[in-house]
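Visitor: Got a structure for you, written out below as structure tokens; questions coming shortly.
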Amino acid sequence: LSSPSTMCSSHCCALYSLTGILFLLFVYTILSTQPFFVTGIKDVHAAKNNALGAMLLFVGLFLISLAGMFRRGMTGDSNDGSSGVGGGSGRYQGYSRIHANLDYRPDDTLDFQLRSEIQSRGRER
């Protein structure tokens, strides 16, 4: 089940990963071409390997995020509630629209509210 706070997780994670990839690519390029601009590094070769390894981890995280977005798109689970009552083909078909639409009331809830209102009006008289 997804809530509004977790619906963005794949997109945010992909953006974070892409930022990490670009930054570490920059660091790796600087360490490969002009390591004298980076001070305080004793072993440039080890620093390049660490930057490359971290960049590959971000690439893996980015691919996992893309897979999550693709999976969410295939199941029809989205923020707009387009998969819901009468539409979509996701595992939780109807769940997002029911909980996003505050006007939706099952018949038994509506009956309960009407009965409660009738009883309260009867007591007022």
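The values are calculated or read from the model by the stated rules, or taken from the named source; none is laboratory data. Note that the structure is a prediction, hence the values are computed from the model and not measured. Heads up: the accessible areas ignore ligands, DNA and RNA and are worked out on the full protein's heavy atoms, side chains in. Shrake-Rupley method; radii C 1.70, N 1.55, O 1.52, S 1.80 Å.
Visitor: Under the 0.36 nm per residue contour assumption, what length would be gained going from the current alpha-carbon distance of residue 45 and residue 11 to full extension?
Guide: On the way: separation 34, 0.36 × 34 = 12.24 nm, distance 3.37 nm.
Result for the pair: 8.9 nm of gain on full extension.
Visitor: Among 64, 30, 41, what's the order by accessible area (1.4 angstrom probe), most exposed first?
Guide: Values: 64 120, 30 35, 41 65 Å².
Reading off the accessible areas and sorting them downward yields 64, 41, 30.
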